[in-house]
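Notes follow once the structure below has been shown.
The values are calculated or read from the model by the stated rules, or taken from the named source; none is laboratory data. Nothing here was measured: the structure is a model prediction, and the numbers come from that model. Virtual Cβ from ideal backbone geometry, glycine too; neighbours counted across all protein chains shown. The accessibility values were calculated without ligands, DNA or RNA, using every heavy atom of the protein model including side chains. Shrake-Rupley method; radii C 1.70, N 1.55, O 1.52, S 1.80 Å.
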Amino acid sequence: MTPKKLEKLYREILEEKIIAFLAKEKCISFRKSMEIYYKSRLSEQIYIGAYGIDNLDPKYLVEDLIENEPDLFAHT
């Protein structure tokens, strides 16, 4: 497996963990959690690998998402 493919796989797993933890933390469905995550700036930052953010713990990233993007949770 190439380094690029490994990086992509790692990010996919990270996203799965973030979505699952967000659903649990906010007591929302997995589908709603996915919708929120993919609308967030966090998802874009992880996708492009900005600031090494993809190396942080998923629980920390969820806490950061909840704190810094509260508008995404207005209708939950």
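Values for this structure:
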| read-out | value |
| --- | --- |
| All positions within region 18-30 that are surrounded by 15 or more Cβ atoms within 10 Å (Cβ to Cβ) and in a helix (DSSP H, G or I) | Ile18, Ile19, Ala20, Phe21, Leu22, Ala23, Lys26 |
| Selection count, region 1-53, where residues are under 11 Å from the mean Cα position of the chain (by Cα), of a type in the set (Phe, Trp, Tyr) and more than 18 Å from Leu72 (Cα to Cα) | 1 |
| Cross-chain or 6+ apart pairs with Cβ under 6 Å, region 31-58 first and closer than 13 Å to Lys17 by Cβ and open to solvent by less than 60 Å² (accessible area, probe 1.4 Å), then modelled with pLDDT of 95 or more and among the polar types (S, T, N, Q) | Tyr37/Ser43 |
